[in-house]
Amino acid sequence: MAGFGVLDRSLILIVVAASLLVTVSVARGDKIIVGGSDHWRYGFNYSVWAFQNNPFYVNDVLVFKYDPPSKTQFHHSVYLLPNMWSYLTCDLSRAKLIANTTQGDGEGFEFVLKKRWQPYYFVCGERGGLHCKDGGMKFFVKPTLHREHD
Ligand SMILES: *[C@@H]1O[C@H](CO)[C@@H](O)[C@H](O)[C@H]1NC(C)=O
Ligand SMILES: *[C@@H]1O[C@H](CO)[C@@H](O)[C@H](O)[C@H]1NC(C)=O
Ligand SMILES: [Cu+2]
């Protein structure tokens, strides 16, 4: 029956390790306003913003704030692009809408970062990619897990 003991012990280790991972990854969940006080707007460099705000963690919440459409305002939206190439070229052909032009109003649109180590490519989809290309409205994040001492 010695074999069972070893198996039990490794099972326990796995369970303990798994629960540690879970508590570690749900521990924080900061709300981060994209662009800070600039919110989500045309002409702000979001790649620089994302670089300065690294690291991003799993369960962090990105908040996109922008005014709803009006005659005097630019319209904005939030899309996810599938890969680095579409991101670099602002190619919206396979973009996935996550927040339309009205969803950034009020408290803003909240997006929870769930996938660890995998990049999320965020862009504004307005004007056929012009806001992405010329307006700086693009950035990517690669959420990491928390270290245990965080
Ligand atoms: C945006 O999405 C919201 C929530 O799904 C919906 O109620 C609203 O009608 C949409 N607005 C536009 C302009 O598509
Ligand atoms: C944002 O800033 C970076 C670094 O200075 C620069 O390489 C990039 O072209 C800028 N993007 C825009 C849209 O201005
Ligand atoms: Cu825009």
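The values are calculated or read from the model by the stated rules, or taken from the named source; none is laboratory data. Note that the structure is predicted; figures quoted are calculated from it, not measured. As a convention, Cβ positions derive from the backbone with ideal geometry for all residues, glycine included, and neighbour counts pool all protein chains shown. With ligands, DNA and RNA removed, areas are computed over all heavy atoms of the protein, side chains included. Shrake-Rupley method; radii C 1.70, N 1.55, O 1.52, S 1.80 Å.
Shown here: region 28-141, whose C-alpha atoms stretch 40, 32, 22 Å along the first, second and third principal axes, sorted largest to smallest.
Distance cut-off 24 Å, Cα to Cα: go down the list Lys31/Lys71; Lys31/Lys133; Lys65/Lys138; Lys71/Lys133 and report the pairs above it. Pairs exceeding the cut-off: Lys31/Lys71; Lys31/Lys133.
Using heavy atoms of the protein chains and a probe of 1.4 Å, the accessible area assigned to Thr102 is about 80 Å².
Against the criterion of solvent-accessible heavy-atom surface with a 1.4 angstrom probe, Trp40, Trp117 sort, most first, into Trp117, Trp40.
Set the Förster radius R0 to 25 Å, insert the Cβ-Cβ distance between Asp30 and Asp105 as r into 1/(1 + (r/R0)^6), and round the FRET efficiency to 0.05. Don't skip to the answer; put the middle values down first.
Working: r = 22 Å, r/R0 = 0.88.
That gives a FRET efficiency of 0.70.
A probe of 1.4 angstrom, applied to the heavy atoms of all protein chains, finds His146 with accessible area near 20 square angstrom.
If I model a spin label at Ser47 and Ser70 as a point 7 Å from the Cα along the Cα→Cβ vector, what separation in nanometres do I get? Using points 7 Å along Cα→Cβ, the separation is 3.2 nm. Distance between the 7 Å Cα→Cβ label points at Met84 and Lys142: 0.8 nm.
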